[in-house]
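S.K.: First, the structure itself, so that you have it in front of you.
The values are calculated or read from the model by the stated rules, or taken from the named source; none is laboratory data. This is a predicted model, so every value here is computed, not measured. We place every Cβ from the backbone using ideal geometry, glycine too, and count neighbours over all the protein chains shown. Only protein heavy atoms, including side chains, enter the accessible area calculation; ligands, DNA and RNA are left aside. Shrake-Rupley method; radii C 1.70, N 1.55, O 1.52, S 1.80 Å.
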Amino acid sequence: MITDNFLGPTVQPNRWHKKWDVFFAEERIGWQLQLLQEKGIELVDQDMFIAFIKDTLHGHNVEPSLLHGDFWRRNMGFIQAVPSLYDPACYYGDRECDIAMSELFAPLPDAFYTAYNQQYPLQNDYEQRKLIYQLYPILNHANIFAGHYLTEAKQQIDLLLK
């Protein structure tokens, strides 16, 4: 059974798609753009940008991983000296999403990324997808807080379309 959940206070749809590019473009980026549009904010032509995201991610071979979904420094800590993750927004997807999120607002220590890459190296073209994966939490913040996150989202979209 597939269940929607939340990224912060925002509903996070999790409809099943056979293709990763379709899922991320529609259920992540498209959903956030739709929520902004419902508030009267249009950062980009939705249909064109969703097609762009699908095209960019098409052919990227994803081994589905259970993602934390909101993987950043403030959602991790220690409970009785045991490393712990909390406030998940879980879904199945590309493991690179969690890594990209962890690099966005408050990057983890370099030792984390070094150890991660020693155990499970990121693909050489990860940097090309990182901006797309980071756009999702930026758009979510734009929906929640507006302000400078709207500017950041527009800049990220413009950068991706260059």
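S.K.: Cβ-Cβ below 7 Å, separation at least six or inter-chain, first residue in segment 3-32 and in contact (Cβ under 8 Å) with a residue 40 or more places away in the chain, second open to solvent by 80 Å² or more (accessible area, probe 1.4 Å): which pairs?
M.R.: Final answer for the pair search is Gln12/Asp4; Gln12/Phe6; Asn14/Ile2; Asn14/Thr3; Asn14/Asp4.
S.K.: I need the full set of residues from segment 37-64 which are touching an Asp or Glu at 6+ places or on another chain (Cβ under 7 Å), over 21 Å from Ala153 (Cα atoms) and free of Cβ contacts under 8 Å to residues at least 40 places away in the same chain, in order please.
M.R.: Across segment 37-64, the qualifying residue is only His58.
S.K.: Okay, moving on. When both residues are 6+ apart or on different chains and their Cβ atoms are under 6 Å apart, which pairs have a first residue that lies in segment 81-97 and is open to solvent by 70 Å² or more (accessible area, probe 1.4 Å), and a second that is among the small types (Gly, Ala, Ser)?
M.R.: Pro88/Gly69
S.K.: Would you confirm whether or not segment 147-160 contains a residue that is surrounded by fewer than 16 Cβ atoms within 10 Å (Cβ to Cβ), within 13 Å of the chain's Cα centre (by Cα) and not acidic (Asp, Glu)?
M.R.: Looking through segment 147-160, none of the residues is surrounded by fewer than 16 Cβ atoms within 10 Å (Cβ to Cβ), within 13 Å of the chain's Cα centre (by Cα) and not acidic (Asp, Glu).
S.K.: With Phe78, Phe71 as the choices, which residue is open to solvent by 50 Å² or more (accessible area, probe 1.4 Å) and touching a strand residue (DSSP E or B) at 6+ places or on another chain (Cβ under 9 Å)?
M.R.: After ruling out the rest, the residue left standing is Phe78.
S.K.: Output the residues belonging to segment 97-116 that are in a helix (DSSP H, G or I) and under 18 Å from Leu67 (Cβ atoms).
M.R.: Listed by number, the residues that qualify are Cys97, Asp98, Ile99, Ala100, Met101, Ser102, Phe112, Tyr113, Tyr116.
S.K.: Note down all Cβ pairs under 9 Å where the first residue falls in segment 100-111 and is open to solvent by less than 30 Å² (accessible area, probe 1.4 Å), the second is among the small types (Gly, Ala, Ser), and they're at least six residues apart or on different chains.
M.R.: Met101/Gly69; Leu108/Ser102
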